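Here's the structure we're looking at; comments come further down.
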Amino acid sequence: MIMKHAPFILASASPRRLDLLQQIGCIPTHVIPANIDETAHKGELPRALALRLAQEKAMATAQQDNHFIIAADTVVAVGRRILPKAETKEDVAHCLGLMSGRTHTVFSGIAVRTPKGDLKSRVVATKVKFKCLSHAETAEYISSDEGIGKAGGYAIQGLADSYVISINGSYSNIVGLSLYDIRSMLEGVGFYTANTES
């Protein structure tokens, strides 16, 4: 018996999410990044923002017959403060300064839209504690450019991993998508089918 999956659209431009899905044998039929406004609403909390953006991405993506849509969004927060997706070295420095010696939370909203239009979603939270970063370590990371374009100004799958004291929760969630949660959600909506081959 083997498991096959239905055709699906990945509503994300993230190469990390694509790689993670491939780890569990999920190859998208199409990759169609959703174009939505990702600005947080006034007073919106990090968990709520991650969930809303994932849901909006799933609903905004054009759907083909018999295709599922998988969408996700990651928000990094220190307490209630939402950290930006770093666009500049200054953004990276700002994020590192807030996370140095503290615990931050990586929230990922995951949304799955079925071919019938049903929407299933959840939020996964992983707590990450960074060591106290020296000026030299901060400068080293900024110069690496690894944090550019990343939520919270860092990528765990690189130099920043050496700053991590502890992780409470899913490691793959920090990378971009909790494999346990996405697989559980997909199984729950009949994305996988069992096939017997002679």
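On the chain, 51 percent of the accessible area sits on carbon and sulfur atoms, based on a 1.4 Å probe. Measure nothing but the geometry: give the 0 to 90° angle between the long axis through the Cα atoms of 89-99 and the longest principal axis through the Cα atoms of the chain, rounded to 10°. For 89-99 against the chain, the angle is about 90 degrees. Taking all protein chains into account, the per residue accessible area for segment 118-198 stands at 50 Å² (1.4 Å probe). Full extension of the segment from residue 42 to residue 120, taken as 0.36 nm per residue of separation minus the current Cα-Cα distance, would add 25.6 nm.
When each of the peptides 110-123, 5-18 is scored by the mean number of other C-beta atoms lying within 10 Å of its residues, the order from highest to lowest reads 5-18, 110-123. The phi torsions of segment 61-68, fed into the Karplus equation with coefficients 6.51, -1.76 and 1.60 and a -60° offset, translate into couplings of 7, 4, 10, 9, 3, 6, 9, 7 Hz, rounded to whole numbers, with Gly and Pro shown as x.
Compute the separation of the alpha-carbon centres of segment 36-62 and segment 80-136 and state it in Å as a whole number. So the separation of the two Cα centres works out to 14 Å.
Taking amide H atoms as placed 1.01 Å from N in the peptide plane, list the residues 5 or more away in sequence, or in a different chain, whose amide H sits under 5 Å from that of residue 44. The answer is none.
Starting from the Cα of residue 87, move 7 Å in the Cα-to-Cβ direction to define the label point; list residues of segment 33-64 whose amide nitrogen is under 17 Å from there. Taking a point 7 Å out along Cα→Cβ of residue 87, the residues of segment 33-64 whose backbone N falls under 17 Å are 35-41.
Residues in segment 155-170 carry Karplus couplings, in order, of 10, 5, 8, x, 4, 4, 4, 6, 9, 7, 7, 7, 10, 10, x, 6 Hz; the curve used is 6.51 cos²θ - 1.76 cosθ + 1.60 with θ = phi - 60°, and Gly or Pro positions show x. Computed over the chain, the per-residue total of -39500 (n - 2.57) for DSSP H runs of n ≥ 4 gives a 222 nm mean residue ellipticity of -9000 deg cm²/dmol, rounded to 500.
The angle separating the long axis of helix 179-188 from the principal Cα axis of greatest extent in the chain is about 30 degrees.
Against the empirical 2.2 N^0.38 Å scaling, what ratio does the C-alpha Rg of the chain come to? All intermediate terms of the calculation are to be shown ahead of the outcome.
Working: Rg = 17.6 Å, N = 198, 2.2 N^0.38 = 16.4 Å.
Relative to the 2.2 N^0.38 Å estimate, the chain comes out at 1.07.
In order along segment 22-36, phi translates into HN-Hα couplings of 5, 4, 9, x, 9, 10, x, 5, 9, 10, 10, x, 7, 9, 10 Hz, rounded to whole numbers, per the Karplus curve 6.51 cos²θ - 1.76 cosθ + 1.60 with θ = phi - 60° and x for Gly and Pro. Sorted largest first by accessible area at a 1.4 angstrom probe radius, with every protein chain in place, the residues 133, 51, 96 fall in the order 51, 133, 96.
Cα axis of helix 46-60 to longest principal axis of the chain: angle in degrees, 0 to 90, nearest 10? It works out to around 40 degrees.
The values are calculated or read from the model by the stated rules, or taken from the named source; none is laboratory data. Note that this is a predicted model, so its numbers are computed, not measured. Don't worry about glycine lacking a Cβ; one is built from the backbone with ideal geometry, like all the others, and counts go over all protein chains shown. The protein model used for the area step is the full one, side chains on, heavy atoms only, and it has no ligands, DNA or RNA in it. Shrake-Rupley method; radii C 1.70, N 1.55, O 1.52, S 1.80 Å.
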